[in-house]
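Here it is, the structure in full.
The values are calculated or read from the model by the stated rules, or taken from the named source; none is laboratory data. As the structure is a prediction and not an experimental result, all values here were calculated from the model. Glycine gets a Cβ as well: all are built from the backbone with ideal geometry, and neighbour counts include every protein chain shown.
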Amino acid sequence: MSPTGRAPIPADRLRIRHVEPADYEGVHASMSTPLAYAGTLQLPMIAKDQWRKKLVDMTADSTLLVAEVDDPASPGAGYRIVGSAGLQGSGISPRRRHAMGLGIAIRDDWQGRGIGTALMRALIDRADNWMNVLRIELTVFTDNQGARALYERFGFVVEGTHRAYALRAGEYADVYAMARLHPRPPTLPVLAKE
């Protein structure tokens, strides 16, 4: 059992893959639940077409993964998207190419079942082993203890607090700035002397 008391999703019923533009409806559905959008900087009630445009306009320096679950409660429905996580380049400055921002959201009814862990594992593998990312950054609302615990399990540390960072449900909320440095950055091989 997870800390929430919910049973984890069996590995054979969960798959993580790169998003496709046709996934916009599933991403929209997973981002439209109250806890999912309240834990991010997304607005509630985003139109499906806005998600379609976001997925089509993704840049080469970004990665968005989706988590799909084969839900036994919906026999015959097949896999459906229940969460997403992504890495986004830190801007146009060449001095920040080593850093990426991380965002993640899991549909409310699927939180606490290991989906966030699977998404984080896949993103960290991609960043560390395939993208030459030294630093991953994120913000997390200070009262989101579950997300903070997830990030800490993957080596993120709190670097500071942003006060009144974002408006959430009519109140200004604080966030922690967290980051993770690559634990074993790639190095050049030692050349053999002739």
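With R180, R168 as the choices, which residue is within 21 Å of the chain's Cα centre (by Cα), under 24 Å from H98 (Cβ atoms), surrounded by 13 or more Cβ atoms within 10 Å (Cβ to Cβ) and of a type in the set (K, R)?
Among R180, R168, only R180 is within 21 Å of the chain's Cα centre (by Cα), under 24 Å from H98 (Cβ atoms), surrounded by 13 or more Cβ atoms within 10 Å (Cβ to Cβ) and of a type in the set (K, R).
Tell me which residues, restricted to the stretch 1-49, are in a loop (DSSP other than H, G, I, E, B), polar (S, T, N, Q) and surrounded by 13 or more Cβ atoms within 10 Å (Cβ to Cβ).
S2, S32, T33, T40, Q42
In this structure, does A192 turn out to be touching a residue at least 40 places away in the same chain (Cβ under 8 Å) and either within 29 Å of S74 (Cβ to Cβ) or out of contact with any His (no Cβ under 7 Å at 6 or more places or on another chain) (or both)?
No, not satisfied.
State which residue is farthest from D108 (Cα to Cα) when the search covers only the stretch 50-65 and only residues that are among the aliphatic types (A, V, I, L, M) and part of a helix (DSSP H, G or I).
V56
With over 21 Å from L138 (Cα atoms) and at pLDDT 90 or above as the only criterion, which of D57, D109, D71 stands out?
When all the criteria are applied, what remains is D109.
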